[in-house]
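Please treat every number below as a calculation from the coordinates, not as lab data. Small disclaimer: the values here were computed from a predicted structure and weren't measured. Note: ideal-geometry Cβ built from the backbone for every residue, glycine included; neighbour counts use all protein chains shown.
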Ligand code: SF4
């Protein structure tokens, strides 16, 4: 008999996690989630790891949902004091139908003009298409769907066994299309690409093609991590359902190794994804959403370009010192309290070189990027007089 879901309502003291700067994947500065535990119960979910999970027993993760009943009120209070930037939020697991906290949190974001990013495995997000469209018009809403297969995938039936409580990928792609039709940026997160199940070229191309066909603009990919109790849990699932895969996983994830899908194998796959994205006309990085009225738009665009370059250099195994040059320059520009255009207009190249952690060599690189950006027309419909370029 299927296990019943239990809901535990509680009132946390805080909801908004503030990060020093936006990450280079989802471009979010804040995170705020209404639930702990997830009824989608994907067998590979890293949220069962001890550092993320409130549950000692990994089985409880999908069946005991902790509901932050005061999430919208807390969010309203926290963002009143926060600098406007993207909040990674929303959670459209079945609990959301009952508690509607994600919707209420979006209402707060709309009321306070805060941009949002939502990563989903459920088409229930479409229930809030009205709010997302409004937020997108005022502040920016960006989305992505977690997708590790399509019905055309070679190992589709097996992959579905690993996320069997989540809505099927066809429904996620259909939802992606609805969001794209409303002008909301969307794409696919191929996370995690399970070794031996999701990492064949046919599956990679199928997800990329379906994404492009449904209005997605990008895919992001990452491998599987298996730490502490989640490793034991996942191996137990493999032993029950696909014992033939155990030897390969023992090899990929020997005890004590959490990150199996890194190294040369991962690099080859990432380069293949890049090639397939070019073929299907989408990106293998998420375009950084431009927040209307943001006086740091140019700084943020430069950071995006540096981060994209850094990603390629990592794939091409550039020397570590070069990687650090780019990483530190991106951080320095993200942290800059002034618009870099003003610095350049008043002090020229010397002003850019003088920014901490930029220096002469990176200064020229940044100047080149800035000159190109200054030739670009402002993003359509988002111009604020005198603000952009
Ligand atoms: S939908 Fe996401 S959070 Fe939920 S179980 Fe799956 S991977 Fe984890």
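Output the peptides 330-342, 136-148 sorted from most to least packed, where packing is the average of other Cβ atoms within 10 Å over each peptide's residues.
Peptide ranking by packing, descending: 136-148, 330-342.
So what is the relative contact order of the chain, in percent, for Cα pairs below 8 Å that sit 6 or more residues apart?
Across the chain, relative contact order equals 13 percent.
Applying a 10 Å radius around every beta-carbon, put 178-185, 347-354 in order of their mean neighbour count, most first.
178-185, 347-354
Please give the helix 297-315 orientation as an angle from the longest Cα principal axis of the chain, in degrees from 0 to 90, rounded to the nearest 10.
Between helix and principal axis, roughly 60 degrees.
Shape verdict for the range 107-164, please, from the Cα gyration tensor: rounded (a/c under 1.5), prolate (a/b greater than b/c) or oblate.
Prolate, since a/c reaches 1.5 and a/b exceeds b/c.
In µm²/s, what is D for the range 130-289 at 25 °C and 0.890 mPa s, where D = kT/(6 pi eta Rh) by Stokes-Einstein and Rh is the Kirkwood radius from Cα pairs?
It diffuses with D of about 148 µm²/s by this estimate.
Hey, what number do you get for the chain at 222 nm if only DSSP H runs of n ≥ 4 count, each worth -39500 (n - 2.57), divided across all residues, to the nearest 500?
It lands at -14000 deg cm²/dmol.
Report, largest value first, the span of the C-alpha coordinates of the range 1-117 along each principal axis, in whole Å.
Answer, in whole Å and largest first: 47, 29, 21 Å.
Between residue 320 and residue 364, what FRET efficiency comes out of the Förster formula 1/(1 + (r/R0)^6) with R0 = 22 Å and r the beta carbon distance, rounded to 0.05?
Efficiency for this residue pair is about 0.55.
Full extension from residue 170 to residue 23: what is 0.36 nm times the residue separation minus their Cα-Cα distance, to one decimal in nm?
Additional length available on full extension: 50.0 nm.
Quick check on the chain: what are the equivalent-ellipsoid semi-axes from the Cα gyration tensor, as sqrt(5λ), descending, whole Å?
35, 26, 20
For the range 302-375, what's the radius of gyration and Dmax over Cα atoms, in angstrom?
Cα-based Rg and Dmax for the range 302-375 come out at 11.9, 37 Å.
Could you check the spin-label model distance between residue 339 and residue 196? Points 7 Å from the Cα along Cα→Cβ, value in nm.
5.6
How do 96, 205 line up, fewest other C-beta atoms within 10 Å first?
Least crowded to most crowded, the residues run 205, 96.
Beyond 23 Å, how much of the Cα-Cα pair distribution for the range 222-311 remains, as a whole percent?
Value for the range 222-311 (Cα pairs over 23 Å): 49 percent.
If R0 is 41 Å, what FRET efficiency do you get for residue 3 and residue 279 from their C-beta distance, rounded to 0.05?
The calculated FRET efficiency here is 0.40.
Going by how many other Cβ atoms sit within 10 Å of their own, how do 210, 266, 25 line up, fewest first?
Going from least to most buried by this count: 25, 266, 210.
Roughly what angle does helix 201-213 make with the longest principal axis of the chain, taking Cα atoms, 0 to 90 degrees, to the nearest 10?
60
How do 298, 346 rank when sorted from fewest to most other Cβ atoms within 10 Å of their own Cβ?
346, 298
Given labels modelled 7 Å from the Cα in the Cβ direction, how far is it in nm from residue 138 to residue 374?
Label at residue 138, label at residue 374, 3.5 nm between them.
Note the angle between two axes, namely the Cα long axis of helix 129-138 and the longest principal axis of the Cα atoms of the chain, as a number of degrees from 0 to 90, rounded to the nearest 10.
The answer is roughly 20 degrees.
Calculate, in nm to one decimal, what residue 350 and residue 83 gain on full extension: separation in residues at 0.36 nm each, minus their alpha carbon distance.
93.2 nm
Please compute the modelled spin-label separation between residue 129 and residue 237, points set 7 Å along Cα→Cβ, answer in nm with one decimal.
3.0
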